[in-house]
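Structure first, then comments.
The values are calculated or read from the model by the stated rules, or taken from the named source; none is laboratory data. Please read these numbers as outputs of a predicted model, since none were measured by experiment. Cβ sites come from the backbone with ideal geometry, for glycine too, and all protein chains shown count toward neighbours.
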Amino acid sequence: MYKNLTIRQISVYISLAVCLGQVLTFVALFYQEIKDVPLWKISLLAFVSLAFSYAIVVFLVERYFFRRIKLIYKIISGSKDSLKDTEGLSKSSSFQSINQKVEEWTNQTQEELTSLKSLEAYRHRYLGDVSHELKTPLFTIQGYLYTLLEGGLYDEKINKKYVTRAIQNVERLQDIVEDLELINELESEDYDKLHIAFDLKDLTDEVFSDLELKAAERRIRFEYKSGADTSFKVVGDKNQIRQVFNNLISNSIKYGREEGRTRISFYDLHQKILIEVSDDGVGIEESDQKRVFDRFYRADKSRSRKIDGSGLGLAIVKHILEAHNQKITLRSTVGKGSTFGFTLDKGK
């Protein structure tokens with residue numbers, strides 16, 4: 001009950017208690033002298049005592065106590081101005097409302113601290129991943145060039161081979177830089193999205209055609225899931241969505257089972273179309289599934305180093321879809337394969 005009391009109400013109650021105590025004490029001490037005094041004089045005395053007590057309590061409570069509550073509110077609001085910046089705090093505010101505002105500030109601050117710690121941990125992981133990803137091709141290039149300078153340049157058995165390998169690693173560095181630039185562009189608030197309607201199955205067939213030779217190297221076949229192969233019109237940046245398909249299908253080839261398959265499925269969700277890209281490859285450990293969309297994160301680092309790529313493919317996919325106000329999901333079982341799913345707005 002006391003939580004609903006305002007500061008002014010507390011001042012009144014304290015004043016009444018002090019006044020009552022004063023009157024009772026006075027009556028007890030001077031009962032013989034005042035027993036014949038008229039009632040109106042005793043009432044006047046009580047009123048004067050109440051007024052005097054209230055004045056003192058107002059000064060002590062409302063001026064001293066309330067100012068310190070205002071100071072707490074200033075700290076919470078981050079303002080150096082007076083009461084007008086304390087979000088409705090006044091002498092008529094109850095302790096419950098004051099307590100609620102402080103709790104809200106505490107919870108918000110805790111959430112901000114948790115978020116900052118999470119971002120700091122991500123920054124450390126990201127810097128470590130970037131340095132590790134760049135170090136491999138740089139050291140490789142350095143090794144080839146030193147070998148050539150130390151006499152390999154004049155050895156016809158290795159000079160052309162080493163120059164070719166150095167160029168391949170330079171191209172890998174270039175891919176990493178270009179992918180990082182793309183992610184930065186997608187994260188920019190100024191990113192200009194060109195949303196047009198296009199045929200989903202036609203785009204998928206184009207990507208299949210582009211990756212046909214790559215799939216043939218591992219004897220992986222492309223197919224649509226029976227019953228989920230109806231074509232739909234969707235809305236989005238066609239070139240960016242092409243890259244989403246290209247990255248996901250490329251991954252299904254890299255990590256899929258040899259002589260396996262990559263399956264595409266389309267599902268009508270009324271206002272949206274759900275697209276799923278599935279493979280029957282190695283799968284992803286549950287502990288890795290939350291981080292596969294992080295930049296440079298590789299679930300199987302020892303195996304992934306042998307596979308071409310910048311390590312940014314899934315990060316790019318996530319950022320492209322987020323730029324389209326969509327999300328990507330993952331279902332995976334080790335040894336059975338993975339399914340990446342995302343939605344696009346249906347077109348007309």
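A few comments on the model shown:
- Residue count, segment 239-287 (criterion: buried (at least 16 other Cβ atoms within 10 Å of the Cβ) and charged (D, E, K, R)): 9
- Condition check for Lys214: surrounded by 13 or more Cβ atoms within 10 Å (Cβ to Cβ), in contact with a Phe, Trp or Tyr (Cβ under 7 Å, 6 or more places away or on another chain) and among the basic types (Lys, Arg): no
- Any pair with Cβ under 7 angstrom, 6 or more apart, that starts in segment 258-272 at a residue that is farther than 17 Å from Val244 by Cβ and small (Gly, Ala, Ser) and ends at one that is assigned to a strand (DSSP E or B) and at pLDDT below 95: Gly260/Asp279
- Within the option set Lys225, Lys160, being more than 28 Å from the chain's Cα centre (by Cα), over 30 Å from Asp345 (Cβ atoms) and loosely packed, with under 14 Cβ neighbours inside 10 Å holds for one residue only, Lys160.
- Only residues that are more than 18 Å from Asp280 (Cα to Cα) and of a type outside the set (A, V, I, L, M) were counted across segment 221-254, and they come to 13.
- Restricting the search to helices (runs of 4 or more DSSP H) fully inside segment 240-339 and requiring at least 1 residues that are modelled with pLDDT under 85 and either more than 24 Å from Leu200 (Cβ to Cβ) or among the charged types (D, E, K, R) (or both) gives 286-289, 301-304.
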